[in-house]
Amino acid sequence: LPPLFSLPLPFSSPLAGDITQKGYEKKRSKLIGAFLPQAPGMDPSVPHERRTPVTPGSSSRYHRRRSSGSRDERYRSDVHTEAVQAALAKQKERGKMAVPMPSKRRSLVVQSSMDAYTPPGEEHIGLQGNVIANWISRAIHGSTTSSTTSSSSTQSGGSGAASRLADGVHYIGARLSLPPALLCWLGLWQPVACCGPWLAIGLRAGGSNSNRLPSPCLSSRPENHSAPPDVTSYTTDSIQVERPQGSTTTSRSTPKYGNAELMETGDGVPVGGRVSAKIQQLVNTLKRPKRPPLREFFVDDFEELLEVQQPDPNQPKAEGAQMLAMRGEQLGVVTNWPLSLEAALQRWGTISPKAPCLTTMDTNGKPLYILTYGKLWTRSIKVAYNILHKLGSKQEPMLRPGDRVALVFPNNDPAAFMVAFYGCLLAEVVPVPIEVPLTRKDAGSQQIGFLLGSCGVTVALTSDACHKGLPKSPTGEIPQFKGWPKLLWFVTESRHLSKPPRDWFPHIKDANNETAYIEYKTCKDGSVLGVTVMRIALLTHCQALTQSCGYTEAETIVNVLDFKKDVGLWHGILTSVMNMMHVISIPYSLMKVNPLSWIQKVCQYKAKVACVKSRDMHWALVAHRDQRDINLSSLRMLVVADGANPWSVSSCDAFLNVFQSKGLKPEVICPCASSPEALTVAIRRPTDDSNQPPGRGVLSMQGLSHGVIRVDSEEKLSVLTLQDVGTVMPGALMCVVKPDGVPQLCKTDEIGELCVGSIATGTSYYGLSGMTKNTFEVFPMNSVGALISEYPFTRTGLLGFVGPGGLCFIAGKMDGLMVVGGRRHNADDIVATALAVEPMKFVYRGRIAVFSISVLHDERIVVVAEQRPDSTEEDSFQWMSRVLQAIDGIHQVGVYCLALVPSNTLPKTPLGGIHLSESKQLFLEGSLHPCNVLMCPHTCVTNLPKPRQKQPEIGPASVMVGNLVSGKRIAQASGRDLGQMEDNDQFLFLSEVLQWRAQTTPDHVLYTLLNCRGTIASSLTCVQLHKRAEKIATMLAERGHLQDGDHVALVYPPGIDLIAAFYGCLYAGCVPITVRPPHPQNIATTLPTVKMIVEVSRSACMMTTAVICKLLRSKEASAAVDVRSWPPVLDTDDLPKKKPPLLYKPSNPDTLAYLDFSVSTTGMLAGVKMSHTATSAFCRSIKLQCELYPSREVAICLDPYCGLGFVLWCLCSVYSGHQSILIPPSELEVNPALWLLAVSQYKVRDTFCSYSVMELCTKGLGLQTESLKSRGLDLSRVRTCVVVAEERPRIALTQSFSKLFKDLGLHPRAVSTSFGCRVNLAVCLQGTSGPDPTTVYVDMRALRHDRVRLVERGSPHSLPLMESGKILPGVRIIIANPETKGPLGDSHLGEIWVCSGHNASGYFTVYGDEALQSDHFTSRLSFGDTQTIWARTGYLGFLRRTELTDASGERHDALYVVGALDEAMELRGMRYHPIDIETSVIRTHKSITECAVFTWTNLLVVVVELDGSEQEALDLVPLVTNVVLEEHYLIVGVVVVVDIGVIPINSRGEKQRMHLRDGFLADQLDPIYVAYNM
C-alpha cells in the first residue's frame, strides 16, 4: 500500500513542555477540524463546540456504546475514534476500489442474513450475464456508461468439451452459491484510471506492468514446450475478449495447442463468469504498487536472499542527550513502622481487635461480612497451626517452613483469602495465589499446573464454598486438572480447623530475605512464571506505598481490583494491614450487575481512597445517569491501576469531566504503573497543590514505531496521547534502557524499557535462574560502557520514557510489542484503532485479540475479533475492510490476517478477558474456527526473494569438448541392446505371433480374468484367442464393410473381450483404438469423452458388448450427446460362425498398428500413432527387461486403455507367451484386497499396478494386515511390483505401501515405478536384474531455478526423488535444455529426450500441425550430436551416474523425473511443480485430504479438500497461506475449500488440475469457502 502519510517528521525538541488540558482540547479541535463537515458559509475558525460532530448520532457520546465488556473500555478514546473516522474519510476521498468478497457456502453462513444469499434465478445466468458483467465493470470503474459485452463462447479447449474429460471423477451440477457481492473496499489504493482494461489478461502489459507486480510477463511460457496438441479444439471460432468500455471488441482467433499463448483469454473460459470477475478484481487490486520499493539487485545461484528491509534514510532518529538515572525521594522510616507485616498484624490484632479490617459485599451490594483485625489475627494463627501440624503425621509433616502452598479462592471471598494468606506468612510457608479452575480444561490452566509443579506445591488451601464448587468425578474426588500436580485440598474455614494449644504461638521475626509469596505472571507465549517476593521487599514496598500515597491509620479504602495479585493485593491486603486501614472490597460479580457500586460505596463509607481500573471508570460513566446524590468529595486519591495502559487517559479525562460536578477534585486521579517483576514502578502523588498540572504528551505514532519521542506535528492523525504515571517510588532508582541487546541507557528522546533498582521488587522467577538473570539482575551501562550503579536493576516489562520534571510516561508493554519490518507496534494501540472503527458495536463486547506470528522471517500482525451474534456477512466484510484501512492509515502497517469468530468463542482468562496466547495457539493449530477471514499477504509480505531473471545461455562453442559440457560429462544414458533374436522375434507383426502360438502351443493359457471375489471369470488360451479374433475379423468385413486401414473404436470394459477385439482388428487389417466405456451412473459427463475420441480418431465403426450397445441407445445417452452421429456400432457378443477366407497381412511394418489416445493431466486429449515396428520393439524391450517367457505369470491391475497399461494387458502375453492374470482396478472398490490376494494365491513374482490401486490398498487395508495374514496372504515371492506412471514417482505413497505390507512378506526393494509419456509409452521400467532404485535428496529452492543441487536427507528444503526404474533395452536418453535445445551435463535439470525403436511415430490429429509434430517427435540437438533424431518427452528430469553397476558391469545411470513442463507453473520467474506446493499444503492440517494448485492470471490458486466439519474450512486459509509462503516463497492468491472428491483424478491417479481450473472459473465446484487473499 502507498504510505498514507509520507511527510518527513519535523524533529521537534523532545517534550519541551507539558500540554495542558486546555491545550489538549485546542489541539484536538485543530487536529480534527480539517476533517469535520462544515455547513456552507460557516467560518472554520468558529470554536469547535458549535460544529457538527463527526460521529453519527453522538447525542450522548458515552451512551452510544453501552456494553458490559471486559476489554474494550481500556481503549476508549474519542479523539482516537474521531482520528480513525477522519483517516477513513481521507481514504474515501482518494477513490474507491472494489475488493472481492469471499464466497461462502450457505451452510457456513451462520448469521441471520440469509436473504443476501439467495442464489439468482435461472434467468440470472442466461439473460443477465450481460447485466452482471456491466455491474462488475461499473463497480470497478465507478462509471455508469458501460457497454461491456459478455462473451460466453465455450468452444475453446479450456471449458468446452475438454472440461468434461475429467476421466473418471465428475462435477456435481453447477450450484450457484451467491451473487458476486462486490463491496467497495473504501479506496485503499489509488483508483484505477477509468479507461484501464478491466481484463488485462491477453493484453501484454509490457512496460506498464513491469514496475508493478514482481511477476513474469503474462505470456510466461516459451512456445516450444512439449505440450501435445489439444485435438479437441479444432473448431477455431473467434473468442471474444472482454474489453473496457470505449474500446472496440476485437475478435481474435487463437491457436489453442499447447500453452503457447498462455492465458490468452483465460483459456477460453468466459471471463464474465462470477469467479473470474472476482479474481479479476483481485488482480486489479494487487496491481497497485506495494509500499516498500524493491531494491534492484540480482542474486545468482541459491542465495535466494529474502529481501531485507532497508532502514528508511528519512526515519526519525533519537537526538537527545543520554538520560540520567532518576532517584526517588528518600524512604523516610517512621519510628513506629512495624518491623514486619506479621508484626503489624499482631499489633493491630491485639491492641484494636474490634477495628474493621475488611468488609465484603454480596451481589446486591449489601455488606456480607466484616472481618475485624482481632478475627484476622486469631484465624490466621489457627490456619498457621493447622497447616504446620495437622497435615501428614507428627514425624512426617506435609508442610515445613519455606514450602510452597497454592491459594485457590474465588473473587468474591477476599476475607477467606486474607486469612489464608496471613496464615501462610505466620507459618512461614510461601503462598502461591492462583485462579479457581472452573473446568478441567481452562484456557492456560495447564501452564498454571506447570508452575505449581515446578514450585513443588502439594497442598492447596481453599474455602468451603469454593471446594464445593470445584468439578468432581463421579466418586466425589476432585479430579487432577490437566497438567497439575497431585494436590491435597485443605479447607481453611475456622469451623473445620482445630484450635492451637495454649502454648503454641507463631514465631514473628523481622522481615528478612526469605520468600514471602509468589505471584504468578502469564507471558506472551502463554507460559506461566512465578515471581518470588522476599519478606523484606514486601515490607519495603508497603512502606514506599504508604509514603507515596500518604496512607494514615484507620483510613477507608474501596478496592475493585483483583485482591490476589498486583495493585489489588499490594493496597487491599498488604499495605492496608500495615496501616490498620479498612478495605471495602467490591467483587467483579457485583460490578457486572451494578457498575456504579464502587462509587456508591465511596459515598456511603466516605472513603478516602479507591483502587480501580479505567474499565471501572468507564462503566461508571455509562451508568451514572441513573444516580442523583453522588458526592465524591471525600476521595483524596483515586488509584488507577492500569494507568500504564496508554489508552487509560481518555477514561480518566471523561470521568473527571462528568464527576467534577459531583465533588471529584482533579488532583485526586492518580494513575500508577506496575509490573509483577518490579511491583509498583511509579505512582502519581495526590497533591493539594493544583498548580502542578498532570503531564500530557501527544506523541507521533510514526515516531514511536521507530522508538523515538516526537511531539506530534499538528496535522497528523496518528497520535498517541499519554498521561504521566507520576514519579519514581521512594527509595528507588529508575532508568530507561534499550529494549533489546545490552542494557544501555537510552537518550532522553528515545523509548526504552523502564528498569528499577530498589529493595522493593521481585527477586527471581521461581526455579528459572537463566531468565532471572536477564530480568532481575540487570546492570545498565552508559554510552561508554560503564555501569551506572553497582546494584542490580529489575526490568519492568514496560516501555516508556522519563519526561520533564521526572514524570514517567508509559507507551506500551514489552509483551505487546510487535516488530514488523523493523518498526515497533504495540498490540494495545492496534486494538484501540480497531475498536474505534464504526460500527463500534460490531465487535462483541470489544473482544479483540491482536498478536503477531512469524512467517517468512518477519512478524505478521493477526487481528482476531468476536463479532456480534446478529451481524450479517456484509457487515462483517465492511467492518473488516475498514479496520484494515484504519490500521494502515494510523499505524502505517499492514494486517496479515483479520479473522472474525462467533461471539463468546475466544478462550477466556479467569476474569473474562481474552486469553491471548491460547487464541494464538488455536489460530496456528487451525482450530480457531473463524466465521470470516481476510488475509492480506500481498500487502504485508514485502521481503520475498527477487524474481529470478533468466540469464542468457552460454553458446555451444565455449562448452563442448568431446563428451563434456561446461566441464561435466554429457547427461546421456541408454538401456542395454535388444540383443539376439529368439524364435518369436522373427515375426514383424503381432498378428503373426498369435497365429504361430495358436499352432505351436494351442492350449497354453495366455489370459486369466478375475472377478471381485477373486475367482476366475474367464480365461483365454492361444487357440481360443486366435479363433475368436478370426470371427471378429469376419464380422468387421461382412457387417462393418470395412477396408483395411479403417479405424475401429473398441469400447469395452477391462477384460478378455477387449483383447479378442484388438486382435480381430489386426486380422482384418483395421486400426484399433481402445476407449474407456461410459460410466452407467454418470453418462452425462463420461459419454461426451467417448464421443470425442471416436470422432477425433475418425473411427469408421465401434465394437462393443451388448450391455454397452444398450447403454449407448438409452435415453440418458441421447440427452448427453447426439446419438444419430455415432458411426455404426457392432455387438461382438453375437459373432458369425464362419471364419474369414484369408487373414490380412500388412505389407509394410511401418504402417499403423493401433492408435493410443489419452487425456493428459492438463486436460488435453492427444492420440499417438504406433506402428507395427514400434509395437514389436516395445514388446521385445519389456520381454527382455522383465525376463518374460511362457512359464511365467504376471498379475496386472491396470486400466487397459492407453500407455503401458494397454501394452501389458493386451500385447505382452501374446508376444512373450507368459500368462497374464488380469484384475480390473474397478473391482478393487468392492474388494480392496483382491489384487494382493491374487498375487499371493498365484505365487506371482512380477506385478504391475497404478498409483490409484496402491492408494486404495494403503487406505483401505491399513488396519487389516493382521486379518489378511491370517487368511494366508503372503507377498514374499514378489520380485518386482511396478507402479505404471507418467509422473514423478510418489515416494511417500510407495514407501507407506512398502512399510504397510512389510509384515506380509513384501520386500521393501520390490516396489518401484516406471515412466512413460505420449512420445514414448515406456522409457523406464524396473526389471528383474540390475541395481535397486536409488533415492536422492535435492534442494527444492535450486529446482525452482532449474538447477539440481544434491543435499543430505533431512536438510531444510530437501525433496526426495526416486529413480523411475531402469532405462528399457533399446532406449537412449539425453537431457537437453528445453529452450536452447543444447545438451546438458550430468546432474543438470533439463528436458528428457528419448530415442528408441518404440517411440510413437507422431500425433494423430485432425489437422496435421506439422510444426508441433516435428518439434515433439523429430527434434535435433542445437550443438554436439546434431544428427540423431530425438523425441521430446515434455518432462523435466536429470541423469546421474551412480556408484552402482548394472548387469553389463558398467556404472549405472539413474534417471530422475521431476515433472511435466506443461504442468509446471512459472511464478516470479521461477519454475514450480504443483506437486511440491500440494505436498506442503496437505501436511499443514489434519483435515486436508487432497490439494491441487493452478495459476490463473499470475495468481496462485490453491484448492483443498476438507475432511471435517465445514466449520474448519476457514481455519485452513491462514495455514495454507503461511506454509506456501514459508516453504515456497509464494503468495497464495485464492484459497478454495471444497468437499472430498471434488478434485478430478484420472485413471492413472493423476490430478486433472486444468479441469479443476475450468470448473472453478465456471463456478461448478460448489466450494465450501473461497478466500481471495489481498
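Out of everything in region 1426-1453 that is hydroxyl-bearing (Ser, Thr, Tyr) and within 43 Å of the chain's Cα centre (by Cα), what residue ends up being most open to solvent (accessible area, probe 1.4 Å)?
Filtering region 1426-1453 down to residues hydroxyl-bearing (Ser, Thr, Tyr) leaves 1426, 1428, 1433, 1435, 1442, 1445, 1448.
Subset that is within 43 Å of the chain's Cα centre (by Cα): 1433, 1435, 1442.
Details: Thr1433: 13, Tyr1435: 29, Thr1442: 8 Å².
Per the criteria, the residue is Tyr1435.
Of the numbered criteria (1) open to solvent by 10 Å² or more (accessible area, probe 1.4 Å); (2) within 29 Å of Asp1044 (Cβ to Cβ), the one Met1102 fails is (1).
Could you check region 1160-1173 and list, in sequence order, the residues that are open to solvent by 10 Å² or more (accessible area, probe 1.4 Å) and in a strand (DSSP E or B)? Give the derivation first.
Applying the first criterion (open to solvent by 10 Å² or more (accessible area, probe 1.4 Å)) to region 1160-1173 yields 1160-1162, 1164, 1169, 1171-1173.
Scanning region 1160-1173 gives Lys1169, Ser1171.
Can you name the residue in region 1315-1334 that is under 30 Å from Glu1266 (Cα atoms) and polar (S, T, N, Q) and is also nearest to the chain's Cα centre (by Cα) among such residues? Spell out how you get there, then give the answer.
Of the residues in region 1315-1334, the ones under 30 Å from Glu1266 (Cα atoms) are 1326, 1328, 1332-1333.
From the residues that got through so far, the ones that are polar (S, T, N, Q) too are 1326, 1328.
Values: Gln1326: 39, Thr1328: 45 Å.
Among those that are under 30 Å from Glu1266 (Cα atoms) and polar (S, T, N, Q), it is Gln1326.
Kindly evaluate Leu978 against the criterion of being open to solvent by 20 Å² or more (accessible area, probe 1.4 Å) and either over 16 Å from Phe1423 (Cβ atoms) or at pLDDT 60 or above (or both). Yes. For region 814-824, the condition holds for at least one residue, the condition being that it is within 27 Å of His915 (Cα to Cα), touching an Asp or Glu at 6+ places or on another chain (Cβ under 9 Å) and open to solvent by less than 20 Å² (accessible area, probe 1.4 Å). Among the residues of region 934-942, are any in a strand (DSSP E or B) and modelled with pLDDT of 80 or more? Yes: one or more hits.
Figure legend. Inter-residue proximity from region 803-814: first residues closer than 19 Å to Leu733 by Cβ and at pLDDT 90 or above, second residues open to solvent by less than 10 Å² (accessible area, probe 1.4 Å) and among the charged types (D, E, K, R), beta-carbon distance below 6 Å, spacing 6+ or different chains. Indicated pairs: Leu807/Asp724; Phe809/Asp724. Look through region 774-802, keep the residues that are open to solvent by 30 Å² or more (accessible area, probe 1.4 Å) and closer than 27 Å to Ala827 by Cα, and return whichever of them is modelled with the highest pLDDT. Going through the qualifying residues, I end up with Arg795. Just so you know, in region 985-1017 the residues that are polar (S, T, N, Q) and more than 30 Å from Leu1184 (Cβ to Cβ) include one that is least open to solvent (accessible area, probe 1.4 Å), and it is Asn1011.
For Ile914, indicate whether it is buried (at least 22 other Cβ atoms within 10 Å of the Cβ), touching a residue at least 12 places away in the same chain (Cβ under 8 Å) and under 23 Å from Lys92 (Cα atoms). Steps first, please.
Values: buried (at least 22 other Cβ atoms within 10 Å of the Cβ): yes; touching a residue at least 12 places away in the same chain (Cβ under 8 Å): yes; under 23 Å from Lys92 (Cα atoms): no.
No; evaluated as a whole, the condition is false for this residue.
Considered as a group, the residues in region 1250-1282 that are assigned to a loop (DSSP other than H, G, I, E, B) and among the basic types (Lys, Arg) include one that is nearest to Phe1206 (Cα to Cα), and that residue is Arg1279. For Asp1462, the conditions (1) over 26 Å from Val1168 (Cα atoms); (2) more than 22 Å from the chain's Cα centre (by Cα) all hold with the exception of (1).
Scan region 596-604 and tell me whether some residue there is of a type outside the set (Asp, Glu), in contact with a helix residue (DSSP H, G or I) (Cβ under 7 Å, 6 or more places away or on another chain) and either open to solvent by 50 Å² or more (accessible area, probe 1.4 Å) or under 23 Å from Cys735 (Cα atoms) (or both). Checking region 596-604: not a single residue is of a type outside the set (Asp, Glu), in contact with a helix residue (DSSP H, G or I) (Cβ under 7 Å, 6 or more places away or on another chain) and either open to solvent by 50 Å² or more (accessible area, probe 1.4 Å) or under 23 Å from Cys735 (Cα atoms) (or both).
Kindly indicate which of Ala1060, Ala1084 is open to solvent by 10 Å² or more (accessible area, probe 1.4 Å) and either modelled with pLDDT of 95 or more or aliphatic (A, V, I, L, M) (or both). Steps first, answer last, please.
Values: Ala1060 fails: open to solvent by 10 Å² or more (accessible area, probe 1.4 Å).
Going through Ala1060, Ala1084 in turn, the sole match is Ala1084.
Would you mind stating whether Gln878 is on the phi < 0 side of the Ramachandran plot, in a helix (DSSP H, G or I), within 14 Å of the chain's Cα centre (by Cα) and polar (S, T, N, Q)? Answer is no for this residue. The number of residues in region 554-567 that are surrounded by fewer than 23 Cβ atoms within 10 Å (Cβ to Cβ) and in contact with a Ser or Thr (Cβ under 9 Å, 6 or more places away or on another chain) comes to 4. Close Cβ contacts (under 8 Å, 6 or more residues apart or on different chains) running from residues in region 1499-1513 that are touching a residue at least 40 places away in the same chain (Cβ under 8 Å) to residues that are among the acidic types (Asp, Glu) comprise Leu1506/Glu1512; Leu1506/Asp1539. The set of residues in region 1489-1543 that are of a type in the set (D, E, K, R) and closer than 25 Å to Lys1259 by Cα comprises Glu1490, Glu1505, Asp1507, Glu1510, Glu1512, Asp1539. Can you spot a residue in region 850-871 that is farther than 30 Å from Ala321 by Cα, touching a residue at least 24 places away in the same chain (Cβ under 8 Å), in a helix (DSSP H, G or I) and open to solvent by less than 30 Å² (accessible area, probe 1.4 Å)? No, that holds for no residue. Checked against (1) open to solvent by less than 10 Å² (accessible area, probe 1.4 Å); (2) within 27 Å of Val698 (Cα to Cα); (3) assigned to a loop (DSSP other than H, G, I, E, B), Cys611 passes all but a single condition, namely (3). Restrict the check to region 1403-1424 and report whether at least one residue is of a type in the set (D, E, K, R), in a strand (DSSP E or B) and in contact (Cβ under 8 Å) with a residue 40 or more places away in the chain. No, there is no match, as no residue in region 1403-1424 is of a type in the set (D, E, K, R), in a strand (DSSP E or B) and in contact (Cβ under 8 Å) with a residue 40 or more places away in the chain.
Conditions tested, residue by residue: (1) surrounded by 24 or more Cβ atoms within 10 Å (Cβ to Cβ); (2) among the charged types (D, E, K, R); (3) within 19 Å of Asp1462 (Cα to Cα).
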| residue | (1), (2), (3) |
| --- | --- |
| Val1523 | no, no, no |
| Ile1540 | no, no, no |
| Ile1545 | no, no, yes |
| Asp1558 | yes, yes, yes |
| Ala1562 | no, no, no |
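The listed residues are Gly1370, Gly1330, and the only one of them that is on the phi > 0 side of the Ramachandran plot and at pLDDT 90 or above turns out to be Gly1370.
Working only within region 785-807, note down all residues that are farther than 12 Å from Gly752 by Cα and in contact with a Phe, Trp or Tyr (Cβ under 9 Å, 6 or more places away or on another chain). Don't jump to the end; show me each part of the working.
Residues of region 785-807 that are farther than 12 Å from Gly752 by Cα, as a first pass: 785-794, 803-807.
Scanning region 785-807 gives Leu787, Ile788, Ser789, Glu790, Tyr791, Pro792, Phe793, Thr794, Gly803.
Taking strands (runs of 3 or more DSSP E) that fall entirely within region 636-713, which contain at least 3 residues that are more than 25 Å from Val831 (Cα to Cα) and at pLDDT 90 or above?
Details: elements: 637-640, 669-675, 679-683, 696-700.
Answer list for region 636-713: 679-683.
Kindly establish whether Val820 is within 15 Å of Pro930 (Cα to Cα) and either modelled with pLDDT of 90 or more or touching a strand residue (DSSP E or B) at 6+ places or on another chain (Cβ under 6 Å) (or both). Here the answer is no, as Val820 does not meet what is asked.
The values are calculated or read from the model by the stated rules, or taken from the named source; none is laboratory data. Just so it is clear, the structure is predicted and the values come from calculations on it, not from any experiment. Here Cβ is always computed from backbone atoms with ideal geometry, including for glycine, and neighbour counts include all displayed protein chains. Remember, those area values only see protein heavy atoms, side chains included, never the ligands or the DNA or RNA. Shrake-Rupley method; radii C 1.70, N 1.55, O 1.52, S 1.80 Å.
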